[in-house]
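Let me begin by presenting the structure, written as structure tokens, before commenting on it.
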Amino acid sequence: VVFFIVEILTPTFGFWTVAASITFIFGIMLIPAERAMYYMPAYWYTSFRVASIAVLVVLASFFLYALMKSIKAKQTKPRIGKEDLVGEQGVALTDISPKGQAKVRGRIWRVISDDEIKEGDEIVVVEQRRLTLKVRKA
């Protein structure tokens with residue numbers, strides 16, 4: 001349990017989860033199944049082991065899921081910056097000649113274009129200049 005808490009508090013990417021799982025398994029295996037210890041019935045030891053392994057599986061699954069999600073998040077391309085919208089398609093909300101408005105990725109943008117674009121036409125983002133997009137007809 002201590003290793004799981006350490007894993008939560010430190011950025012070690014699963015090291016302490018693996019250590020906790022291994023020590024947890026060894027700890028469960030070391031519990032004697034003899035009736036003499038603490039005068040408990042034999043079924044208690046069996047049910048305790050099963051419950052302990054179930055808890056281990058749930059905790060390890062949670063940490064492995066979180067680890068996989070963090071790895072996937074690190075591999076995805078950031079969705080910010082000047083080049084983010086270049087190449088995206090949208091729809092002209094007004095006539096664009098040379099200025100107007102268009103909807104790109106669900107947001108309404110001020111747009112400019114060298115071509116004359118009618119309302120409802122499909123557009124493609126060519127360049128992003130701060131809060132204004134330069135577009136062309138798709």
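The values are calculated or read from the model by the stated rules, or taken from the named source; none is laboratory data. Nothing here was measured: the structure is a model prediction, and the numbers come from that model. Here Cβ is always computed from backbone atoms with ideal geometry, including for glycine, and neighbour counts include all displayed protein chains.
Things to note:
- Scanning the range 70-127 for residues that are aliphatic (A, V, I, L, M) and under 30 Å from GLY14 (Cα atoms) turns up ILE71, ALA73, ILE80.
- Condition check for ALA51 on (1) within 30 Å of GLU7 (Cα to Cα); (2) assigned to a strand (DSSP E or B): one failure, at (2).
- In the range 115-133, residue surrounded by the most Cβ atoms within 10 Å (Cβ to Cβ) [restricted to those that are part of a loop (DSSP other than H, G, I, E, B) and at pLDDT below 90]: ASP115
Listed here are the residues, each with its yes/no results for (1) farther than 30 Å from LYS118 by Cα; (2) charged (D, E, K, R); (3) assigned to a loop (DSSP other than H, G, I, E, B); (4) modelled with pLDDT of 85 or more.
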| residue | (1), (2), (3), (4) |
| --- | --- |
| VAL58 | yes, no, no, yes |
| MET68 | yes, no, no, yes |
| ILE80 | no, no, yes, no |
| LEU85 | no, no, yes, no |
| THR94 | no, no, yes, yes |
| GLY100 | no, no, no, yes |
| LYS103 | no, yes, no, yes |
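- Residue within the range 68-86 that is among the hydroxyl-bearing types (Ser, Thr, Tyr) and surrounded by 14 or more Cβ atoms within 10 Å (Cβ to Cβ) present: no
- Test result for VAL50, of a type in the set (Val, Ile, Thr) and surrounded by 12 or more Cβ atoms within 10 Å (Cβ to Cβ): no
- Selection within the range 1-15: residues that are assigned to a loop (DSSP other than H, G, I, E, B) and without any contact (Cβ under 8 Å) to a residue 24 or more places away in the chain. The member of this set that is surrounded by the fewest Cβ atoms within 10 Å (Cβ to Cβ) is PRO11.
- Pairs where the first residue, in the range 98-110, is under 13 Å from ILE123 (Cα atoms) and touching a residue at least 24 places away in the same chain (Cβ under 8 Å) and the second is surrounded by fewer than 19 Cβ atoms within 10 Å (Cβ to Cβ) and among the charged types (D, E, K, R), C-beta under 7 Å, 6+ apart: VAL104/GLU88
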